[in-house]
Amino acid sequence: MAKYQYETVEVTLENGIAWTLLNRPAKRNAMNPKLHFEMDELLGRMSTDPEVKVVVIGGKGGHFSAGMDLKEFFREQEGNPEAQRKSSEAGHRWRWERLSEYPKPTIAMVEGYCVGGGFTQMIGCDFAIAARNAKFALSEVNWGIIPGGLVAKIFADTVLPRHALYHACMGEVFDGVEAERIGLINKAVPAASLRKTVRELAQKLMLKSPNALRATKHAVRHVRSMSVPDAYSYLMAQYLVVGVGDTEDSYNSGIRQFLDEKSFKPAHGPFRLKGARAKTVKKTKPRTAARRK
Ligand code: ACO
C-alpha cells in the first residue's frame, strides 16, 4: 500500500523524490478545502520522512492548478466564517508557511494552467520549472477581487514592479517563456522534457549536504527583508547553525576532501556525501607555451 494516500493529492516516491501532484484534474486542480487540509497534513508528514529528500509540487492531468475553487472554497463557504477561517489557514499554511520554510528542497513543476492562488505554491517552492507552453494568469481582477492571500505580495517580491503591476492589473495569460523572462520561474523547457528537467535538478540537489542546502535557502529568503547590519548578524549566526545536527559533518568533510584527499573541487560540484562512492578528480595540466602552439 502506498505510504501517502489522499483523495485530492497523489504522491509517488522515486529514489528520494516525492512527486506530489494535486489530483483534481476534472477541475483543473482547483483547490478546495479538502485539498488544503490534505496538503497541509502531507507536507508535515513528508518533512520528517527520511525517504523524502526533495519535494516536487505539480498537478495531474496536464495542469498545475486553476487556483482556489470558486465553488467549494468561495461560494459554498459563504456565511460560514469558521469553515472559511479553517480552510484559509490550511491553504496559507501549506502553500506558504510550510513550503517557503520547508526543511528540504522543493521544486514547482508547472504545465498547463497556473492561475490565481496557484501562484502561492509555485512561488513558495524554492525552484520553479515550467513548460514553455504553460499558461500563467493572475485572473483575480477579471472576476472582481484582488490577488489576495499573499499573492500580490509574493508576486511583487519576485518580479520587477512594472511586471507585477502589469500582470496583476491585466489578468492576461502569459506563457512559460514570458514567466522565465520576468524572473517568475527559473527555466522554461519544452513540455516533453519537463519531468526530465525537474528530475535532473532534484538529483543535483540530492548530491549536496542537506544541512548546508537548508541553511542556504532559508538564509537567501530571510535576508531579503533585513537591513544590512541585521543580515550580517543573522548570517554570522546561521554560519554556526549549519553544523548543528549535521550528520554529514559537512564543513570538515568538504575541507578534508578538498585539501587532504584532493577528491573534489568545490567550484565544480559538491563534496562526497557519506555512503556515496569516491570519484577521482582530473588534474588540469598547466597551460605551457609549448602546448599553446
Ligand atoms: N474553481 C472551480 N472550478 C473550476 C476552477 C476554479 N478555479 N477552474 C476550473 N474549474 C472547473 C470548471 O468549472 C469545470 O467544471 P465542470 O466540468 O463541472 O463545468 C472544469 O473545472 C473544467 O474547467 P473548464 O473551464 O471547462 O476548462 P478549460 O480548460 O476550458 O479552462 C481555465 C480552464 C482557463 C483554468 C478555466 O477553467 C478558468 O478560467 N478557471 C478559473 C481560474 C481562476 O480564475 N482561478 C483563480 C481563482 S481566484 C484565486 O485563486 C484566489
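Table for the structure above
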item: Residue order, fewest to most surrounding Cβ atoms within 10 angstrom, among 258, 74, 174; result: 74, 258, 174
item: Counted charge near residue 194, where neighbours are those whose Cβ lies closer than 12 Å (Asp, Glu -1; Lys, Arg +1); result: +3
item: Partner aspartates and glutamates for residue 208 [C-alpha distance under 20 Å; skip if fewer than 8 residues away on the same chain]; result: 14, 49, 51, 101, 126, 200, 246, 248, 249, 260, 261
item: Note, ³J(HN,Hα) from phi for the stretch 129-141, Karplus 6.51, -1.76, 1.60, rounded to Hz, x at Gly and Pro; result: 10, 10, 5, 4, 9, 4, 10, 9, 7, 8, 7, 3, 4
item: Residue exposure sequence - 182, 17, 57, 107 - by fewest surrounding Cβ within 10 Å; result: 182, 17, 107, 57
item: Net +/- balance of residues flanking residue 183 in space, Cβ distance below 14 Å, scoring K and R +1, D and E -1; result: +1
item: Listed residue pairs exceeding 28 Å between alpha carbons, taken from 3/71; 217/274; 3/274; 86/196; 53/265; 3/187; result: 3/71; 86/196; 3/187
item: Among beta bridges that DSSP assigns inside the chain, antiparallel share in %, nearest 5; result: 30
item: Cβ-based exposure ranking for 165, 43, 205, in which fewest neighbours within 10 Å come first; result: 165, 205, 43
item: The chain - percent relative contact order, Cα under 8 Å, separation 6 or more; result: 13
item: Helical contribution to [θ] at 222 nm, DSSP H n ≥ 4, -39,500 (n - 2.57), averaged over the chain, rounded to 500; result: -11000 deg cm²/dmol
item: Charge tally in the Cβ shell below 11 Å around residue 69, where Lys, Arg are +1 and Asp, Glu are -1, residue 69 excluded; result: +4
item: Hz values of 3J(HN,Hα) by residue in the stretch 103-117 - Karplus curve (6.51, -1.76, 1.60), Gly and Pro given as x; result: x, 10, x, 10, 10, 8, 10, 9, 9, x, 7, 10, 10, x, x
item: Cut-off 12 Å, label 7 Å out along Cα→Cβ of residue 41, residues of the stretch 1-24 by amide N; result: 4-9
item: Estimated inter-spin distance, residue 273 and residue 233, nm [label 7 Å along Cα→Cβ]; result: 3.5
item: Inter-site label distance for residue 74 and residue 193 at 7 Å from Cα along Cβ, in nm; result: 3.8
item: Diffusion constant of the chain at 20 °C, which comes from Stokes-Einstein with the Kirkwood Cα-pair radius and 1.002 mPa s, µm²/s; result: 103
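Readers should treat all values here as calculations from the given coordinates under stated rules, not as data from a laboratory. From a predicted model like this one, the values you see are computed outputs, not experimental measurements. Cβ atoms come from the backbone with ideal geometry, glycine included; neighbour counts cover every protein chain shown.
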